[in-house]
Structures are given as C-alpha cells and as structure tokens.
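A quick write-up on the structure given underneath.
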Number of protein chains: 2
Amino acid sequence: MNAEIQIADERLMANALRALAMDAVQAANSGHPGMPMGMADVTAVLFNRFVTIDPAAHQWPDRDRFVLSAGHGSMLLYAVNHLLGYPDMGMDQVRAFRQMGSRTAGHPEYGHAQGVEVTTGPLGQGIATAVGMALAERMGAARFPGLVDHWTWVIAGDGCLMEGISHEAIDMAGHLGLGRLVVLWDDNRITIDGGTDLSTSTDQMARFAASGWHVLSCDGHDAAQIGDAITAARADPRPSLIACRTLIGCGAPNKQGGHDVHGAPLGAEEIAATRAHLGWDAPPFEIPAGVYAAWARIAARGAKARMDWEARLATSPNLEEFAAALARDPAPLAPAMAAYKAQLLADRPKVATRKASEMALGVVNAALPFTIGGSADLTGSNLTRSKGMRPVTRDDYSGSYLHYGIREHGMAAAMNGIVLHGLFRPYGGTFLAFADYCRPAIRLAALMGVPTVFVMTHDSIGLGEDGPTHQPVEHLASLRAIPNLTVIRPCDAVETAEAWEMAMAATDGPVLLVLSRQNLPLLRSEAAENLTARGAYLLRDPGARDVTLIATGSEVEIAMTAAEALADEGIDAAVISAPSFEAFAAQPAAARAALLGSAPRIGIEAAIRQGWDLFLRPEDGFVGMSGFGASAPAPELYRHFGITPDSVASLAKTLIKAN
Amino acid sequence: MNAEIQIADERLMANALRALAMDAVQAANSGHPGMPMGMADVTAVLFNRFVTIDPAAHQWPDRDRFVLSAGHGSMLLYAVNHLLGYPDMGMDQVRAFRQMGSRTAGHPEYGHAQGVEVTTGPLGQGIATAVGMALAERMGAARFPGLVDHWTWVIAGDGCLMEGISHEAIDMAGHLGLGRLVVLWDDNRITIDGGTDLSTSTDQMARFAASGWHVLSCDGHDAAQIGDAITAARADPRPSLIACRTLIGCGAPNKQGGHDVHGAPLGAEEIAATRAHLGWDAPPFEIPAGVYAAWARIAARGAKARMDWEARLATSPNLEEFAAALARDPAPLAPAMAAYKAQLLADRPKVATRKASEMALGVVNAALPFTIGGSADLTGSNLTRSKGMRPVTRDDYSGSYLHYGIREHGMAAAMNGIVLHGLFRPYGGTFLAFADYCRPAIRLAALMGVPTVFVMTHDSIGLGEDGPTHQPVEHLASLRAIPNLTVIRPCDAVETAEAWEMAMAATDGPVLLVLSRQNLPLLRSEAAENLTARGAYLLRDPGARDVTLIATGSEVEIAMTAAEALADEGIDAAVISAPSFEAFAAQPAAARAALLGSAPRIGIEAAIRQGWDLFLRPEDGFVGMSGFGASAPAPELYRHFGITPDSVASLAKTLIKAN
C-alpha cells in the first residue's frame, strides 16, 4: 500500500478509536478517555501493520497477544475489538460500557469478552503477565517449531512503569532475552495527581536498557515514526521498549495534555469541539463504512495467517503433542498417582510436606509434559525442582524449570501469563509468609478463573528460628478470604499427592498449596479415593464420639496424638483432617453436618482462628495462634504457644465436662 | 590516625564480626554466616570512620540510622552492636542467637534490641524503609536546622535489589534528592539458587544512575577503597549506591564464594580452617581487648557528638517545638476535635467518609504540626491533602505533603521509615483494593508496633463502574487478620473524626482507615464520647429488641433504613455500628455480650463474612458479598448483590420467625 494512503487510513482508524472512547465514556458518565485518545495513533499503526489475530478464531493458539497493561484505558481495547469485528463486541456492547452485565466492564476482564487476553487495571500486572506470555511463546516455539511463533504487544502507562512489579518483570524479560515482547509506553508525562515530575525523575529508557532491553522512542502521533519504531523493535533480538511521546486526550482541543482528561468524561461541549477538531462528522456510536473496511483488512490478514497455520499444523509431526499441550489434560496422571500413593502407604515415609511435594512432583512432571516448575530463589527450600528438570535459559527455552529470582510478585504474574497463553501449567514456590508479596497477582488469577498453582512452603511457626517476619500466622486466613482460590494444606505425603492431583485437575481457578518445613508422619491408611478433594474427612473414627478434633497440615499429627492420649483415658475423639476449607464448603450441607457431628469440637491450626467458623461454633475450642510468632527452634515454639497434644487433650476434657 | 594502623585495626574489627557471626550461627545450628562474613570489611570501615551513634543513648534523635536491609545477615548487626557496647547486647545475647526469649532473633526485630532501627528480613523492606528515614531527616532538617543532620546507611543484598519495592524506593529517593542516604550493596553475585546469573542480568549501577543516584564501586575487602568510596558518597548531593564487590562468606577458605555458605552453619571443620586462615586465635565468644578498644573509639566519638548536639539543643530557639515533635503528643487535637464534632452534629453533612476524612484532616493537620500527608497518586480520590498543605520537594523539604507516585508498597514502607525516625506522624492513601500491593509493609508496621496510618478509600462495590479489579471484597477480612493492626471503617462524618482521633492517639501499632467513595448521611446524634473507640456500640436503641442489626461503614445507613422499615411493621430492631472489630474484641466479654444481646442478629457489610463470627452465631444472618463484584453504577451493584434495606428486613423477619 502507498505510504501516504496508509497513513491517511490510520488517521481515520485512530479517530474512530477516539470517537468511540469519548462517546462511550460520556454515555457511561464514567471512565477514562485520556489514554485511549492519547494512544489511538500508536494503536492504529500497531494493529494496521503488525498485529496478527483472527477475530473469528479468538482462541487461535498462535495469535499475537495484545495486553492493555494500562487497563483503565479499557475503551481503547473495546473500540479495537469492535472495529476488528469480534463477534461478541457489537456496538450494543460499546454503548453499554461499564453497565451491569455488559462485556465492556470498567477494566478489561478476561473471560468477559473475546480478545481480552488478561484482566488488567491493577497497575503493572499487565506488563508482568505479558512477560509470562512472551516466555510461554518462546518455550512453545522450542517445543513446537513452526507452530508457535508470535508476538506479545503491551501498551503500558507511567503507572505500570512506576509500580515495583515492573522492575521484576523487565529484569526477568531482559535476562531471558524475550525478543518477541514489545512494550509501547504511553509517555504522556501525566499522572492522576499532575505531571509525572511531581513524583518521578527516572529515565525509563536508561532503566530498561540497564536490564538488557532494546529501547527506542517515537512521536506517538506520527504514524511514520511509530511504524519505523515498531519495525526496528521487531528486528532486534532483545525485548523492546518504545517510548511513545503522546498527548493525553489527544484530539480534545481544550483538555488534551492535562490530567483532568485522564479519568472523567470530556463533557458534551468538549466532545463537540473534539469532533470539529478531528473533522469527525459521524454521530456517536456510528462508524463510517470506510473505517470499518480498513480495520477489516487486519482481520482478513489474520484469518489468512490462521488458515496457513492450520495447514502447517495438519501436517506437523508434533500435531498430537501440540493438541495434548493445548488440552492440558491431567488424565495421564491418574495411574501413576495411584501407584505412587500405594507405594506411600507401604513405605509410610515421615517427610515434610514440602519434601512430599517434591516426591509427588516427580510423578506429576513425568506424567504431564506441560508442567513448568519454578521458585523465587528458594528452589532448595521449596523443593519445586523434581529430578531431571532442566532450567529455561535465554539460550535454550526447551527446559521446564524457571529460576524466577527474588521476585515473588513477578513470578506470580508471569505464571498467570504462562497459564493464559495456553500450552503450559506452571507452578512456582516461595515461603508462605511471602504470599503477601504476590497477593495482587494471586487475586488476579482468582478473578480471571485461571489455574495457576502457587507452592507455599515453611507454612507456620514450624519454620523455627527465622522468626516472626518469616512465620505465617494470618496468611491462611487471608488467602482463604480470596474468592475462587483453593487453598490446600495437606497433613502427610498422601494428602500432598492428592493436593497435586487437585491442582492439576483445576481448570477454573488457582490452587495454593501450603506445605510444612518440618517432617510429618504418614497418617493415612488408605488412598483409593482422593479424600483431600472432599476438603475435610474423618481420619480417625472412634465410632461414638465424645469430642471431634479438626486440624490441618502439620497439626493433624498433634490431633492424632491427642486422640490417642484421650483414648487412654477412655475418651473417644474423632479426628477430622481438613486440608481445604473451600472444598469442604462446597460439600452439601447435610454431608458437612454429618461429618462434624454434635460432640464438642476443637480446631487445631498453627495460625489465627479467623475463618474457622466454617467448622466451629462459639462454644467450641481452638488451639492455635493469636499473634505473631517468635524466633526459636520449632519444637520450642510449639510448646511456647501451646500448640501441643497436651493442650488439645486438656481443652477436650474441659469442653466435654462443660457439654 | 596513621592510615596503615587504621587499616590494620579495621581488619581485626572485621574479623571479630566474622568470628562472632560464624560462631553464633554454629552454636544455634541455624542462621546465615555468608553475608556477615562477606560484608565484615565494609561494615568495619563504615562504622570506624563514618557512623555517628552513641550506644549509651540509643534513642538520640540525631544519630545516624543504620539499616540492615539484608536482614538474614542479622548476626552482622548483633556483632556490631555487641562490639560497640550497647548495654543490652552482652555476649550472653550473642550466645543465645535465635533462641527463645533472646534479643538476637533470627532476623533483626525492632524493639527487641537497642540499635535495631527497623525489622528486616522480608527482602527490600529495609531499603524502602530507609528511604522514609532519609526523607524524615531532610524534613526534620528543614524544620529544625542544626538539630537534625545525620546520615542513613543501608546494607542491601541482591535480593533487596531484585524485589520490586526497590524500584519504587530508589525512584522516590532519586526524585527527592535524598543525598544523605548511602546504600552499600553486597555485590557478591550469589543468590540462594546459585549465581546471580541464574536469574538477573540487570546492570544495577546503570539502573540506579537512571533514577538519579550517584553510583560508584569498590573492592569490598579493600579498606582504602571502601573508605574512599564512602567519602565520595558523602561528598555527592545525590543518594549514593556503592557496589561493594565481595566474596560471600569471606574468610572461610573452602566455602567462601559459594551459595552453600549463605544460610547454613559452616561446620566445626570449616570454622577451624577459618580461624587459621584469618589468624584469629580467640576462642568462640571471646574478643581480644584491643578489638573491643577499637570499637569503643566509635562509641566515644558518638558520645561526644551526642553531647555537642545536646548543648546545641539546649540553646536552640526550636527547643520546645522539637520536643513536641519528638513527643508526637495528640493532646492539642482534643479541643479542636470536640468543636468540630459539635459542628458536625449541627450541620449533619451527607458526605463520603473519604470527604469526611478530608474535613477531619483539616482539624488534625492544623492542630498537630507533625503530621505528614500523602497519597500514591490518588490525592483527589483519597482526599488526603487538607487545605494549606504544601508538597515536599527536593528543593524544599519544609512542606507536609508527599506525592508518593504510583507506588503503594514504597509509600507504605517509606511511611514506616518516617514513623520510625521519630519526628513525624505520616499517613498515606490509596484504594482499599490496593492494600494488597502494600501488605508486606503494613504487616511489618504491625509486627514492629509502630503507628503508621494507612488511608484506604473506595472501600467496596460502592465504587461502582471501575469493577471487580478495584472493588475490595476480601480486603477487610484479610486486613483484620493481621495481628496488631487496627482497622476502622466509619459510617459517617462523626465516626470518621473519631477514627482520626484514634489514629493520632495510637502508639503501638498501625491504624488503617477504610473509607467510602459514596456519600453517607450523618447518623450520630451525640458525640461527647468517642464511641468508635469502643469498636461497636448501640446506634439505634429500640429498648426491647426483636432483632439486632450490626453493620459497618456504608452499610450502617442500610441497617438504619431497614430498622425504620421494620418499625413500621411493629418489629423492634437495634442497630449496632461496628467500626472496628479489633477495638470491640478488646472490650470485656461481659460488655460485648450485653451489647449484642440475645435476639437474632444480622451482620451487614459489603464484603465477605469471614471474621464476622466475632458478632454472629451460626444461626445468625449475614447480608454481604460471597464473591467478586462487577462493573456497574454503585446503586445497581448494591441491588444486584442484595445488600439493601429490603434484604435485611426480609432476613430479619425470617430469623425472628425461626427464633
């Protein structure tokens, strides 16, 4: 195409984005017109010349991934997807921006609309998730040459680059040489409080260069410069940052360039002035046919690429393996796990559940080639690297283990990106106390409903001498609070194996495994059914009961010991192992009531009581923590805080007497 | 002093640190010898030539602040403090490293031992907290010239610099030109998993330079180079990063330089080899008198500086004002608040509690000159800047408002540093959903027991169209789970004023205010007593009760409306406003029971039920959320999720019937 015609087209394509954004925000009387209008030219050029997607096949595995990290500019994405012709993004959806039940939520929500690759809005998450996608692309390309070969594009704002997670993400991307990742930075020098000079002096280009990125800049309103910059980015083997110098709200003659245009409707008067300024005559929510036609050419190009790819797939020697990766079917795990659990019952190993997890991972990773392990620099502590796993490096992406570095947050977001990409099931480890560092990304996995697996070891005061900074106390409660996150705290090697089965079977939400540092005996006597999946079950059944002891993880052993001691005194104690509150809450009420029984109950967990009302009534007892831990050897800490079989037995007798 | 003698002294001083670290870790059979041994030379030179502290007056306000950001190297700090002669750090404490009840916890714990300026261990927190301290120093210097004039020294490891929070911290420090901050980076190229080249390629010097830092490097085992580098750092007006090239575990001839020396005892054999290698003949836990004498010279220098300072203080025109700042006494607030609350009762404004917070801050900030406001780039949303507050800038530190940028985590840690420094009471705002971003720093404030104030607005689905990424659902529960954190969610302008009174009166733990975006009516009819401080109280007393409605924040209005509707049907509903669960839990059990009564109860909060068992029995009801929110106008969301007076009244009738 003639370059001048192309640029003229792109100006119209961009103005269509501007018009839809300002009109939808105005109609909703809520939203952010500044970013979509400022980045409209960059977006038009990017899609017109570079992006390969097929709106008619939105799950095509080898599509380019487009991530709007600056998620508040959601109308930019909705406008693009409407103009590209995504079947679920009709003008009715654009008109219903930010209204109940629409696909056009205030921030882009994964799963609500086709072409939304990730939920964004919490700043920095998009760019960090995109690093995972770009990494998944390289890992996929190493395994399936010719079938995985696409770009990951990100639009990020100043907020994304100021957030700490961006440091973790760009360091990781630079280190791993993710050359298929291009970040277009909306360099508008405006934040909500005012100019960026209010709060930052960082030279972003120098900062990215320091982390091994290719950096370049362009006038974000000059199509030729934009095109040249993206072309150069594609030619460089490093990940690229393009600083796009833009005017926030570009096109609104009286408001552009100021922070008032960031997050409020322009108002009828300014919208009229913008129409005049842009020469945009079409009424709100009407797009000239010529503009639709220009955007349709992008879809047509994508459709052709997708069909070419399908032809390649059909004749690929990797066809079956690729399909298996896409399906991420855990079925092959079942027989291996059954054999492994039978062996556990025979061997009865006394190991920490983090060690049991390593043993289970030996089975999981052998049976399921699509798992990707990793740890935030605690491999030898989290025990996440099973035998034979090779690390992924910038020179060889064919491995299956990631040294994420001391970057819990970046790891969690990257794992979300790897899951979203579609070919792998990642899991990654850190200490449970540092779940706080990755909490925003854990929440996002739960909100998106994607099965990222978080491996959290050193799960209580049982970690001992490292002390209260490293000892989780409130973390179980705070993680159980996150909707749609399944938390599993197994008590022995069998439950740990079952927890991994659950993690690999999960499809619609993240799973978080909570594992001990200290050794724990094997408590289970049979393993035919995955009892962990029930959430809670009777581990010790005395028949009639005087008291019911309910415990999780490392405290189940304490409950069992207490029950034996009580038996010596003629008191019948049932013991319920409760590895997953969420799974238990999903059981029918009658089943739950039957399991819990009517006898007095005691909950036992080396953590705070919050959340235990799932099991306990006000008159029931609890043996656990009520404040921060301390630094000392673990057995001393358990004694100091009174989390012992003696405490449990003594409380049981008190409750039975009072009953 | 002759330079050669000085260097010889410093070698011995450093070897004393090495010996104490390796022997204490060995005795505890737990801990991290690698960092203390690697950074011993740097530490000896730093203290010997530059640090000004007086161990006999550990709270001297103008002391240098030394922050061990790499907190796992705690034995380095304990060894320094022992050798300097801190009265509470006798050899008995060093021998009891990591044992129950000792001051020498696994990681340095603020408040456990003198000379521990901040709790560290969660990586990156130390450097980010130190930025707050260095900022407080500059703000103090601007207000009290001649009385505040000291340095903030940080030892940080690779972990600290890989964590995202470090980006937020260094950008902030560079932007604010905190030239009195010097970070000594233990550039040992080792992480737990192996060499740093496993996970990072960032050129840290270039990265810090990009954020406006002065950067330089030295051989971390060459005293002359170390001294020259620190001298140059002090001469430069920018914050300085000194890359100290070190050998981890330096001195252990067979283990130094490897990652095995990071976090495990050296073992008896290697300890013997180390003694031989260093020529260190003294038995474990014995220090030659000459070495003590060398360290004592540092203390003597500090004591002299402190006495000179006290003489300056005695004649300073700012003496009284300085003492008031140090005391941070909230007493002057009482009369102004009483008048303000009386005016509220007269005016009965219907405002969002974030707006009520701004109004209360007008009173607080006028009465208490030591408050420092701020927001993570949401000033106009959090409403944290009261009238007349001037921003703090690199050119003028005399203001009282901080534009923290889009850096929730860095803000929270910096606020901890400002509190710890001792002259100011900082508060800072973001959206409640983004409490997740700063959670590790909130936890640290709670663990340290320092009264940082977190202002969290947009506290529920009531924020409307921004949708579920921005709508807190589990955040109240997850924050209430943190021990020693007081969460307050006021229902109107009077409770908001009372919440601020509580926040300013707090001395031993952080306070987190949870505020609405949407307008709320004034519900209180009297304000003589701070009822919010009770945690929960009877807002509507019908005398005899058929049902008790318990609500917080924006849902108290719903409870009151429901109570009126029930009254129309002849049903007597009491309404309890419960702004702070922690304050209520601290009330005597009898008072709590009396308030709650025996009638059926309904809890009402636009959040999950977890934690509500403080008020509710299994048979009681709850009107709130059970999953993520949605994007739509706020009133529609309340209807959609059934959080309405009708739902409450209907549930009340059901419960009364069943009772």
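Relative to the globular-protein estimate of 2.2 N^0.38 Å, the Cα radius of gyration of the stretch A:312-356 stands at 1.84.
Angle of helix A:333-347 to the longest C-alpha principal axis of chain A, folded into 0 to 90 degrees and rounded to 10: 30°. Here A:LYS355 is the anchor, and the aspartates and glutamates within straight C-alpha reach of less than 18 Å, apart from those fewer than 8 places off in the same chain, are A:ASP347, A:ASP377, A:ASP459, A:ASP492, A:GLU495, A:GLU498, A:GLU501, A:GLU555, A:GLU557, B:ASP193.
The average projected area of the stretch A:284-347, computed from the convex hull of its Cα atoms over all directions, is 9.1 nm². Where a ≥ b ≥ c are the square roots of the eigenvalues of the C-alpha gyration tensor, would you call the stretch B:332-514 rounded, which needs a/c under 1.5, or, failing that, prolate if a/b is larger than b/c, or oblate? Judged from the Cα gyration tensor, the stretch B:332-514 comes out rounded (a/c under 1.5).
Just to confirm the numbers: B:ALA323, label point 7 angstrom along the Cα-Cβ line, distances to the other copies in nm, shortest first? Inter-copy label distances (nm, one decimal, shortest first): 8.5. Across the stretch A:7-311, C-alpha contacts under 8 Å between residues 6 or more apart give a mean separation that, scaled by the residue count, equals a relative contact order of 26 percent.
Derived scalar couplings between HN and Hα for the stretch B:639-649 equal 5, 4, 8, x, 9, 9, x, 4, 4, 5, 5 Hz in order, rounded to whole Hz, by the Karplus curve 6.51 cos²θ - 1.76 cosθ + 1.60 (θ = phi - 60°), x for Gly and Pro.
If the Kirkwood radius is taken over C-alpha pairs of the stretch B:485-605, then at 20 °C and 1.002 mPa s the Stokes-Einstein diffusion coefficient equals 147 µm²/s.
Viscosity 1.306 mPa s, temperature 10 °C: give me the Stokes-Einstein translational D for chain A in µm²/s, with Rh taken as the Kirkwood radius over C-alpha pairs. Stokes-Einstein gives a translational diffusion coefficient of 60 µm²/s. Classification of the stretch A:81-220 by its C-alpha gyration tensor yields an oblate form. The axis ratio a/c (a ≥ b ≥ c) is 1.5 or more, and b/c is at least a/b. The alpha-carbon of B:LYS350 sits under 19 angstrom from the alpha-carbons of these lysines, leaving out residues fewer than 8 places away in its chain: B:LYS341. For the protein assembly as shown, the antiparallel share of DSSP beta bridges with both residues in that region comes to about 15%.
Under 12 Å of direct C-alpha separation, and excluding same-chain neighbours fewer than eight residues apart, A:LYS304 reaches these aspartates and glutamates: A:ASP54. Counting only DSSP beta bridges with both residues in the stretch A:535-658, tell me the antiparallel percent, nearest 5. Close to 20 percent. Between copies, the label points of B:ALA264, set 7 Å from Cα on the Cα→Cβ line, lie 6.2 nm apart, reported in increasing order to one decimal in nanometres. Whole-Hz Karplus values for the stretch B:18-23 come out as 4, 5, 4, 5, 5, 6 Hz, taken residue by residue from phi with 6.51 cos²θ - 1.76 cosθ + 1.60 and θ = phi - 60°; glycine and proline positions read x. Net charge within 14 Å of B:VAL419 by Cβ-Cβ distance, Lys/Arg positive one each and Asp/Glu negative one each, not counting B:VAL419 itself? Once positives and negatives cancel, what remains is 0. Under the criterion of Cα pairs below 8 Å and six or more residues apart, the relative contact order for the stretch A:535-658 equals 28 percent.
When only Cα pairs below 8 angstrom with a gap of at least 6 residues are kept, chain A shows a relative contact order of 12 percent.
Can you tell me how the stretch A:531-659 classifies by the Cα gyration tensor, rounded, prolate or oblate, using a/c under 1.5 as the rounded cut? Note, shape of the stretch A:531-659 comes out oblate. If you take all other residues with their beta carbon under 12 Å from the beta carbon of B:GLN99, and give Lys and Arg +1 and Asp and Glu -1, the sum is 0. Seen from a random direction on average, the alpha-carbon convex hull of the protein assembly as shown projects onto 49.0 square nanometres.
As a proxy for reagent exposure, A:THR532, B:THR644 were ordered by neighbouring Cβ count within 10 angstrom, fewest first; the result is B:THR644, A:THR532. For the stretch B:7-311, the C-alpha radius of gyration sits at 0.93 times the compact-globule guess of 2.2 N^0.38 Å, with N the residue count.
Every number in this text was worked out from the coordinates using simple rules, so none of it is lab data. Model, not experiment: these values are computed from the prediction. All Cβ positions, glycine included, derive from the backbone under ideal geometry; neighbour counts span all protein chains shown.
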